[in-house]
Amino acid sequence: MSSNNNTSLSLAIIQLQTGFRYSSLILGFILLIGGVLGNILNIIVFIKTGNYKNNACSLYMFVRTFLDLYVLLAGLTTKILSAGFQIDFTLINRIWCKTRFGIAEINSESTYTLTCLQAIDAFICSSPSVGVRQKSNIRIARYLIVGTVCFWSIHEIPYFIFQDLVIVDGIPMCITTNTIYAQYRTYVFALGIISITPIIVISIFGFLTVRHMKTIAVTRTLSSLTRQTISMALFQIVAVLVFNSPYAASLIYSLITADVVKDSYRRAVEQPILSFIGTYSYGPFASSFYCYCLSKRFRNQLVVSLKEVFRGIHMNQVFPNIQRIRAHTELQTQLDN
């Protein structure tokens, strides 16, 4: 009887792991394909409209698009290969072990910082005070963006030093070799900086922006561009909360139960669930385009931008053909003469 129970339990564990593995794989491909396509469309729209040149919030969004694109291509792609196909290049190549996650973290940290700056800028732009609204400045935004990337690049220098490919009991592992820095990455960085801080900042300024917008509806009229960027920023805030909250909860759970002795069944159940949540946490990097599409003005800009792109491609295809026909005609005329 006990043997049958153990067999049933083992089958249940295998089914659970298989289910979460395939779910994580499918979700990863959806986020990767949808996110890459969406970020490329974002780039097209921002370049064609040029709003990022004069609007601080649009500039934050524009720069974030490139950062998100890199995180998806370098971070999510390798996670899909590792979790879905057991292909982990960090366990094979020492250079990739030391650089892959660090470079991806520079981009993800910069993305979350710009998301916070985007939320703060939306709050400033929606303020009833003229003096406060004047604080939203494209020149200051450029300095903040450069400062953000430089700060996080410096912050990740210890990672490139302490992260290494080592052999533990004959098994290759890409781990942080410094214990103190490993604890900092877990408790301060992963939980505090990446998870909780962005959630708190964007929640506070998002709430205050909504309050401003209710007041503005009566007291003054915003420009269409300002209304658009504020609404796009608010939609992005919701997306970050939806995707980041489960990841923050999973980190808190992992830290709370770090010293708990877990049996094989509990570990077998937790591992695929945490892996699925890890894939799910890439949502903020893949969802910006779809959040922006909730703005009617952005959808109209997208249609116009795509028409211009396809018209340009068509014209480039037509004119060379005409030129080749004209050149052939002139050459034939010369030969006839």
**Message:** Taking the conditions exactly as written (more than 28 Å from ASN42 (Cβ to Cβ) and assigned by TED's automatic domain parsing to the domain that holds LEU69), does PRO272 satisfy them or not?
**Reply:** yes
**Request:** Tell me, please, whether a residue that is within 19 Å of ILE230 (Cα to Cα), among the hydroxyl-bearing types (Ser, Thr, Tyr) and touching a Lys or Arg at 6+ places or on another chain (Cβ under 8 Å) can be found in region 87-100.
**Result:** no
**Message:** Here's a check for you: in region 179-198, which residue that is of a type outside the set (S, T, N, Q) and touching a residue at least 60 places away in the same chain (Cβ under 8 Å) is farthest from ASP164 (Cα to Cα)?
**Reply:** PRO198
**Message:** For region 74-104, which positions are in contact (Cβ under 8 Å) with a residue 12 or more places away in the chain, part of a helix (DSSP H, G or I) and β-branched (Val, Ile, Thr)?
**Reply:** THR77, THR78, ILE80, THR90, THR99, ILE103
**Extreme residue, nearest to ARG133 (Cα to Cα), among residues of region 188-210 that are among the polar types (S, T, N, Q) and surrounded by fewer than 19 Cβ atoms within 10 Å (Cβ to Cβ)** = SER203
**Request:** Kindly list, by first and then second residue, each pair from a residue in region 1-22 that is over 15 Å from SER264 (Cα atoms) and modelled with pLDDT of 70 or more to a residue that is of a type in the set (Phe, Trp, Tyr) and assigned to a helix (DSSP H, G or I), limited to pairs with Cβ atoms under 8 Å and residues at least 6 apart or on different chains.
**Result:** PHE20/PHE276
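Take the residues in region 143-172 that are of a type in the set (D, E, K, R) and in contact with a helix residue (DSSP H, G or I) (Cβ under 7 Å, 6 or more places away or on another chain); name whichever of them is nearest to ARG64 (Cα to Cα).
For region 143-172, the residue satisfying everything is GLU156.
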**Request:** Restrict the check to region 165-181 and report whether at least one residue is crowded, with 18+ Cβ neighbours inside 10 Å and out of contact with any strand residue (DSSP E or B) (no Cβ under 7 Å at 6 or more places or on another chain).
**Result:** no
**Prompt:** When you look at VAL166, is it over 22 Å from the mean Cα position of the chain (by Cα) and under 30 Å from LEU234 (Cβ atoms), yes or no?
**Reply:** no
**Item:** Residue among ARG211, ARG139 that is closer than 24 Å to ASN244 by Cβ, of a type outside the set (Gly, Ala, Ser) and assigned by TED's automatic domain parsing to the domain that holds THR99
**Value:** ARG211
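ILE237: within 23 Å of the chain's Cα centre (by Cα), surrounded by fewer than 19 Cβ atoms within 10 Å (Cβ to Cβ), among the hydrophobic types (A, V, I, L, M, F, W, C) and under 30 Å from SER127 (Cα atoms), yes or no?
no
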**Prompt:** What are the residue pairs meeting all of these: first residue in region 285-299, first residue outside any helix (DSSP H, G or I), second residue charged (D, E, K, R) and surrounded by fewer than 21 Cβ atoms within 10 Å (Cβ to Cβ), Cβ atoms under 7 Å, and 6 or more apart or on different chains?
**Reply:** CYS293/ARG299
**Criterion: out of contact with any helix residue (DSSP H, G or I) (no Cβ under 6 Å at 6 or more places or on another chain) and farther than 28 Å from ARG299 by Cβ - qualifying residue of PHE207, PHE189** = PHE189
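The values are calculated or read from the model by the stated rules, or taken from the named source; none is laboratory data. Because the structure is predicted, anything quoted here is derived from the model rather than measured. Cβ: placed from backbone, ideal geometry, glycine included. Neighbour counts: every protein chain shown.
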